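Below you'll find the structure, written out as structure tokens, and then a few comments.
The values are calculated or read from the model by the stated rules, or taken from the named source; none is laboratory data. Computed from a predicted structure; not experimentally measured. Cβ coordinates were reconstructed from backbone atoms using ideal geometry, including for glycine residues, and neighbour counts include every protein chain displayed. These accessible areas exclude ligands, DNA and RNA; they are computed on the full protein's heavy atoms, side chains included. Shrake-Rupley method; radii C 1.70, N 1.55, O 1.52, S 1.80 Å.
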Amino acid sequence: MSERWQFWIDRGGTFTDIVGCAPDGALHTRKLLSENPSQYADAAVQGIRLLLGLAPGESITQERVACVKMGTTVATNALLERKGELTLLLITRGFRDALRIATQARPRLFDRHIVLPELLYARVIEVAERVGARGEIIEPMDESALRAGLQGAFAQGFRSCAIVFLHGYRYVRHELAAEGMARQIGFTQISVSHRVSPLMKLVPRGDTTVVDAYLSPILRRYVDRVAHLMPGVPLFFMQSSGGLTQAHHFQGKDAILSGPAGGIVGMARTAQAAGHAKVIGFDMGGTSTDVSHFAGEYERAFDTEVGGVRVRAPMMSIHSIAAGGGSIVRFDGARLRVGPESAGANPGPACYRRLGPLTITDANVLLGRIQPEFFPRVFGPDADEPLEAGVVARRFAELAQRMTLAAGNPISPDQVASGALQIAVGSMANAVKRISVMRGYDVSGYTLQCFGGAGGQHACLVADALGMTRVFIHPLAGVLSAYGMGLADQIAIRESVVERDLDEPGLLEARRRALGLQIDAGAELEAQGLSSAVLRSVTRVQIRYQGTDTALACELPLRDTPTEAVAQIRGVFEDSYRRRFAFLMPNQSLVIESVSVECIAPGKDERGVHLPGAAGAGEVAPSA
């Protein structure tokens with residue numbers, strides 16, 4: 001038994017959840033507002049201090065804390081609010097506008113006025129260089145011109161740069177030369193495309209590299225600040241892919257779904273332990289609702305759009321909508337609206353006693369679904385008061401009066417609150433359909449696993465809307481994302497382009513690449529102090545039809561004969577493709593687009609902690 005505490009933390013947009021695992025295995029929980037500047041500088045560190053019972057000024061030390069594992073929305077918020085680092089883009093001459101032009105996709109086809117998302121990079125340097133598709137040097141790099149451009153940008157205050165050259169994913173010499181030059185001049189963040197996203201296609205590779213350069217400095221400052229407040233304590237962060245990594249390995253491109261990924265891990269592990277093989281995750285927090293699908297293995301997306309920015313990096317497949325407990329309820333003169341704006345943590349909903357707007361949380365207070373006497377006294381200007389029901393009743397009465405005047409029919413405050421809930425539940429049910437029914441899964445045979453601070457208030461309504469008959473609520477559902485940080489594996493993922501036909505020579509090439517990736521990923525985990533004896537690997541190939549760009553992941557058999565392996569991959573791909581798109585193209589050949597290796601160091605399971613209801617286990621102690 002360890003003599004020290006472990007802390008598992010999810011820093012969300014509204015609340016920060018802390019789960020402390022005491023030396024005796026008992027779990028203690030704490031939930032704090034993520035932003036409360038008058039009371040503390042950082043919610044995660046404050047939660048640890050409270051659970052340890054530290055006096056003001058007393059340090060968090062490694063003598064008392066074995067490790068801290070956390071997920072954070074710092075990178076996500078910086079991306080959504082466009083508050084990242086001032087970033088310089090180096091790109092092959094003639095392609096300065098390639099990332100702005102992108103794929104020319106129109107997500108809202110009938111919009112007459114197209115508003116393009118704000119670019120993440122502030123300046124572009126076109127580099128005189130060109131490498132051909134087969135590695136031939138078409139134009140040598142003009143190093144003197146590049147050095148002058150970098151020095152000029154550095155003098156203007158740029159410290160972060162993204163390097164994206166044509167065909168740089170495979171032929172790296174020019175990118176390495178530019179990186180060395182930037183480092184000599186003094187750039188502190190240099191993201192190079194062949195490391196960040198070593199796959200084909202200039203636009204997604206470039207976008208991901210820019211995201212990494214834009215977010216990594218912000219993330220590093222936050223990590224350094226937390227580490228400074230806990231000197232010597234091992235610090236791990238959750239990556240978007242669902243695996244932990246040491247703090248100094250945490251990169252901007254891997255941090256966008258850091259918090260929600262912990263929820264998926266917690267959902268999957270607890271569902272399997274309870275005997276639920278197929279679950280729909282319903283994670284409703286204060287700012288948003290995240291839904292996910294799990295049927296035995298984690299689903300990951302490799303091409304994702306977040307905040308109008310395309311990112312190609314392994315992420316948990318999560319669909320998020322702006323419907324949370326803090327979603328603002330308002331009347332626009334014609335109809336009742338809910339969200340997408342959120343009251344956040346500060347000022348928060350009206351019942352938080354900070355003059356905030358009416359929200360879904362307030363609707364639940366009015367309807368008796370939330371009872372203030374059972375909530376912690378952490379509200380008000382001094383964070384020591386309970387939720388206030390009186391102001392909620394007054395504000396809903398005012399809103400009902402406005403709606404009555406507009407409609408000409410009497411509308412009660414309870415009807416307004418119920419209508420707001422119906423709108424929110426409809427949005428959540430549609431989100432679940434997008435990741436299940438629209439992909440060929442029948443949710444009526446699934447269990448709805450609800451978690452997050454607001455999940456339990458709406459789970460039955462969402463289940464009814466979807467025709468689901470089972471709802472699973474874990475004892476730690478309110479802090480399940482934080483609990484998932486403690487159960488997660490440490491992982492390292494490596495990818496490489498193959499671009500060969502799915503035949504025996506192509507399969508052998510994929511296996512050769514996979515072996516090198518496995519060695520590289522294993523070395524990263526061993527450098528973090530893990531024994532090679534505990535590591536295991538999962539190898540996958542991305543398969544697509546020739547002439548298409550939709551690839552599906554299939555496991556790469558490493559021990560079968562090449563003929564058997566090719567047949568096995570083809571069968572798995574066709575089953576997945578038929579379920580997703582309802583047709584096959586038997587006359588089209590298949591292509592191995594890329595290979596990926598996930599190296600895994602197993603995490604904690606529930607047997608090492610005391611959960612309520614387990615034989616011989618103590619109860620979770622809510623420290624609120």
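Worth a mention:
- So residue 224, is it charged (D, E, K, R), open to solvent by less than 20 Å² (accessible area, probe 1.4 Å) and at pLDDT 85 or above: no
- Single residue of 386, 410 found to be free of Cβ contacts under 8 Å to residues at least 40 places away in the same chain and more than 35 Å from the chain's Cα centre (by Cα): 410
- If you filter region 401-419 down to residues that are of a type in the set (A, V, I, L, M, F, W, C) and either out of contact with any Phe, Trp or Tyr (no Cβ under 9 Å at 6 or more places or on another chain) or not in a helix (DSSP H, G or I) (or both), you find that the one that is modelled with the lowest pLDDT is 407.
- Scanning region 411-425 for residues that are open to solvent by 40 Å² or more (accessible area, probe 1.4 Å) and within 19 Å of residue 289 (Cβ to Cβ) gives 418, 422, 423.
- Flag for residue 353 being of a type in the set (Lys, Arg) and touching a residue at least 40 places away in the same chain (Cβ under 8 Å): no
- Test: residue 402 is basic (Lys, Arg) and within 20 Å of residue 36 (Cα to Cα): no
- Any hit, region 203-213, residues being more than 20 Å from residue 485 (Cα to Cα), open to solvent by 20 Å² or more (accessible area, probe 1.4 Å), part of a loop (DSSP other than H, G, I, E, B) and in contact (Cβ under 8 Å) with a residue 24 or more places away in the chain: no
- Screening residue 258 against (1) crowded, with 24+ Cβ neighbours inside 10 Å; (2) under 21 Å from residue 436 (Cβ atoms); (3) among the polar types (S, T, N, Q) leaves a single unmet condition, (2).
- The strands (runs of 3 or more DSSP E) found entirely in region 272-338 that carry 1 or more residues being within 13 Å of the chain's Cα centre (by Cα) are 279-284, 289-294, 304-306, 309-311, 319-321.
- The set of residues from region 426-454 being on the phi < 0 side of the Ramachandran plot, open to solvent by 10 Å² or more (accessible area, probe 1.4 Å) and in contact with an Asp or Glu (Cβ under 9 Å, 6 or more places away or on another chain) comprises 435, 453.
- Some residue of region 532-552 being closer than 22 Å to residue 269 by Cβ, assigned to a loop (DSSP other than H, G, I, E, B), open to solvent by less than 40 Å² (accessible area, probe 1.4 Å) and at pLDDT below 90: yes
- Selection within region 133-177: residues that are under 19 Å from residue 251 (Cβ atoms) and of a type in the set (A, V, I, L, M, F, W, C). The member of this set that is surrounded by the most Cβ atoms within 10 Å (Cβ to Cβ) is 164.
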